[in-house]
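Heads up: the structure comes next, in structure tokens.
Nothing in this text is a laboratory measurement; each read-out follows from the coordinates by a stated rule. In this text, all values refer to a predicted model and were calculated from it rather than measured experimentally. Don't worry about glycine lacking a Cβ; one is built from the backbone with ideal geometry, like all the others, and counts go over all protein chains shown.
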Amino acid sequence: MKVKTSITLSEEIIKSIDELFGVQKNRSEFIEKAVKDFIDKEVQKKRDLEDSNILNRNADKLNKEAEDVLSYQVDL
């Protein structure tokens, strides 16, 4: 379901949209896709940051486990 809303954009932005997407196309489709892409990227950045924080919190433990495993390997 679509919800109608109103936004104000600079003439420069409208001109860029028309140049990229074409004046025959629906600007709303272009803007919706741009906003969706931005949201998707922000969600991914948030996930990546959360993953990084988990790794950082557990780095010492993970490094000790890795060192332990490596200590059992023979020199080649």
Original post:
How much net charge surrounds E67 when only other residues with a Cβ under 12 Å from its Cβ are counted (Lys, Arg +1; Asp, Glu -1)?
Top reply: -1
Original post:
Distance in nm between label sites at N58 and K4, each 7 Å beyond Cα in the beta-carbon direction?
Top reply: 5.1 nm
Original post:
What ranking, highest mean first, results for peptides 1-11, 29-39, 64-74 when packing means the other Cβ atoms within 10 Å averaged over each residue?
Top reply: 29-39, 64-74, 1-11
Subject >> Nearby lysines by direct alpha-carbon distance to K33 (threshold 28 angstrom, same-chain neighbours under 8 apart not counted) >> reply: K2, K4, K15, K25, K41, K45, K46
Subject >> Under 15 Å, Cβ to Cβ, from S10 - net charge with Lys/Arg +1 and Asp/Glu -1 >> reply: -2
**OP:** For the chain, report the convex hull volume of the alpha-carbon atoms normalised per residue, in Å³, without decimals.
**Re:** 230 Å³
Original post:
In sequence order, what are the phi-derived ³J(HN,Hα) couplings for the range 25-33 according to the Karplus relation 6.51 cos²θ - 1.76 cosθ + 1.60 with θ = phi - 60°, rounded to whole Hz, with x for glycine and proline?
Top reply: 7, 7, 4, 4, 4, 4, 5, 4, 5
